[in-house]
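Everything on this sheet refers to the single structure shown next.
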Amino acid sequence: MKKHDFLLVFSLVLLLLAPGCSTDDDMPAETGEFFTANINGATFDSSESSTVLRFDRDYNTLGTVTLFVESLSATGQKIDFKIENYVGEGKYFIGDYKYNNNWITCQNSQKEGLWTIMPNTVLNESTNFIEITLVHDDYIEGNLHCEKLWGEVNRSYGLVNGSFRLYY
């Protein structure tokens, strides 16, 4: 009986001394895909609950990875981009040299048509990039910044800034 009482008291002491489980009830849970941007003053908002998001990784025979992203907002706007030779976190430039095959297209169906930086476009700029800021087991997060997005309709350069979380 003494052994049983000792184990019971010992267990109670351990329970009292053990740190309590902590939950971050005050912090909002980070869930869901999203892609938000500002395209020349027009707001772009795409999330898993309201629109189409497509994110693919393509592994080719050379062992490199290409990312394809396609997102469509509830208002009919569209942003697509491709990152060739994806290796994880970092900046992926668009149009910085002739053999760069990364590209981005933004289409605002309501106002200004198609804005693009296509493969092999030589702008010699470091102001156009997609930055992957976080690579998690099942998603990536990042930012998009382009100062030299070419407008097909008004034949001028535009600006796009955005951020995203996309699940594999």
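Before moving on, here are some points about what is shown:
- The residues on offer are GLY95, GLY76, and the sole one that is buried (at least 18 other Cβ atoms within 10 Å of the Cβ) and either of a type in the set (Asp, Glu) or more than 19 Å from the chain's Cα centre (by Cα) (or both) is GLY95.
- For ILE83, the conditions (1) over 13 Å from the mean Cα position of the chain (by Cα); (2) among the β-branched types (Val, Ile, Thr); (3) over 20 Å from TYR157 (Cβ atoms); (4) at pLDDT 85 or above all hold with the exception of (1).
- Qualifying residue in the stretch 142-149 (condition: modelled with pLDDT of 85 or more, assigned to a strand (DSSP E or B), under 15 Å from PHE44 (Cβ atoms) and of a type in the set (D, E, K, R)): no
- Cβ separations smaller than 6 Å between residues 6+ apart or across chains give the following pairs from the stretch 140-161 residues that are more than 18 Å from PHE35 (Cα to Cα) and touching a residue at least 12 places away in the same chain (Cβ under 8 Å) to residues that are of a type in the set (Phe, Trp, Tyr) and surrounded by fewer than 17 Cβ atoms within 10 Å (Cβ to Cβ): LYS148/TYR157.
- Matching residues, the stretch 87-98, being part of a loop (DSSP other than H, G, I, E, B) and within 10 Å of ILE130 (Cβ to Cβ): ILE94
- Residue match in the stretch 127-143 (condition: of a type outside the set (D, E, K, R) and more than 15 Å from the chain's Cα centre (by Cα)): yes
- Qualifying residues in the stretch 99-123 (those that are in a loop (DSSP other than H, G, I, E, B) and surrounded by 18 or more Cβ atoms within 10 Å (Cβ to Cβ)) - the one modelled with the highest pLDDT: ASN102
- Residue match in the stretch 133-140 (condition: among the aromatic types (Phe, Trp, Tyr), touching a strand residue (DSSP E or B) at 6+ places or on another chain (Cβ under 9 Å), part of a loop (DSSP other than H, G, I, E, B) and modelled with pLDDT of 85 or more): no
- Criterion (on the phi > 0 side of the Ramachandran plot and in contact with a strand residue (DSSP E or B) (Cβ under 8 Å, 6 or more places away or on another chain)) met by exactly one of GLY113, GLY162: GLY113
- When we screen SER163, SER126, SER156, SER71 for residues that are of a type in the set (S, T, N, Q) and buried (at least 20 other Cβ atoms within 10 Å of the Cβ), the only hit is SER71.
- Any hit, the stretch 110-130, residues being more than 21 Å from ALA42 (Cβ to Cβ), of a type in the set (D, E, K, R) and in contact with a Gly (Cβ under 9 Å, 6 or more places away or on another chain): yes
The values are calculated or read from the model by the stated rules, or taken from the named source; none is laboratory data. Since the structure is predicted, the reported quantities are computational estimates derived from the model, not experimental observations. Positions of Cβ are generated from backbone atoms using ideal geometry, with glycine treated the same way; all protein chains shown enter the neighbour counts.
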